[in-house]
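Below you'll find the structure, written out as C-alpha cells, and then a few comments.
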Amino acid sequence: MPTSPSTMTARLRRAVEAAHWQSLAGLLHPDVACGSPEEGGSACWDRSRVLSHFARLGADGLRATVDETFTYPAAVVLGLHLAGAGPAPGPPPTAYQVYDLADGLIIRVTEYTDRAEALNAAYLSGGTGLRLSGFSSGSASRCPYGVWWCVPRGPHV
C-alpha cells in the first residue's frame, strides 16, 4: 500500500532529524536521479547512490533540524535549519526541500533557499515528476550548503 503524504511527512522528519539515511530507502523511487542542475543532473541516478550522497553529507558534519512541514496531496515540503559543514559562519541557513511524490514514493527532491518559491513549486508541480512549462529546477535558488537536488529521469514539459 502506498505511503500517504501525511505519513511521508512524518517519516521524512524523523529520518532527516536523526540523520538516519537508510530509513529513506523505502521512501525513494528506485529511479530517482540526483545532482545539481550545474552538474547536468548526473551525480546520482538511483536509490543507492542518493542514499550514499545523503550519508556522505552527514559524515561531513552537516546536520538539519526540521523547523516546519507542509503536506500537499502529491508533495511534502520540509523547512530545514542547517548546521555543521558548509560556508563561513553567519546566520544559520534555512533550506526548503520539496519532495514530489508518486505512488507513495519520492520521485524528486529539490532544494530552495526561498520559502515562497519552494511552496509554489510544491503546489504547481502536483508531484507529477514533470516540470511545468516555464518552471524548471534551474529557477531554484541553490542552497549555500549545496545539500542536494534530485530530479527524476525522463522527459520534462
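The values are calculated or read from the model by the stated rules, or taken from the named source; none is laboratory data. Quantities reported herein were computed from a predicted structural model and do not represent experimental measurements. A quick note on method: Cβ atoms are made from the backbone with ideal geometry, for glycine too, and the neighbour counts reach across all protein chains shown. Side chains included, ligands, DNA and RNA excluded: accessible areas come from the protein's heavy atoms. Shrake-Rupley method; radii C 1.70, N 1.55, O 1.52, S 1.80 Å.
If I ask for residues that are outside any helix (DSSP H, G or I) and farther than 19 Å from PHE70 by Cα, which ones from region 3-32 would you list?
Result: ALA19, HIS20, HIS29, PRO30, ASP31, VAL32.
Whether any residue in region 44-53 is buried (at least 19 other Cβ atoms within 10 Å of the Cβ), at pLDDT 90 or above and aliphatic (A, V, I, L, M) is what I want to check.
Within region 44-53, none of the residues are buried (at least 19 other Cβ atoms within 10 Å of the Cβ), at pLDDT 90 or above and aliphatic (A, V, I, L, M).
Cβ-Cβ below 7 Å, separation at least six or inter-chain, first residue in region 11-33 and in contact (Cβ under 8 Å) with a residue 40 or more places away in the chain, second in a helix (DSSP H, G or I) and of a type in the set (D, E, K, R): which pairs?
LEU27/ARG11; LEU28/ARG47; VAL32/ARG47
Confirm whether TYR99 is modelled with pLDDT under 65, hydroxyl-bearing (Ser, Thr, Tyr), buried (at least 19 other Cβ atoms within 10 Å of the Cβ) and under 25 Å from SER23 (Cβ atoms).
When the stated conditions are applied, TYR99 does not pass them.
Could you tell me whether any residue of region 56-75 is open to solvent by less than 20 Å² (accessible area, probe 1.4 Å), modelled with pLDDT of 85 or more and in contact with a Ser or Thr (Cβ under 9 Å, 6 or more places away or on another chain)?
Yes, region 56-75 contains a residue that is open to solvent by less than 20 Å² (accessible area, probe 1.4 Å), modelled with pLDDT of 85 or more and in contact with a Ser or Thr (Cβ under 9 Å, 6 or more places away or on another chain).
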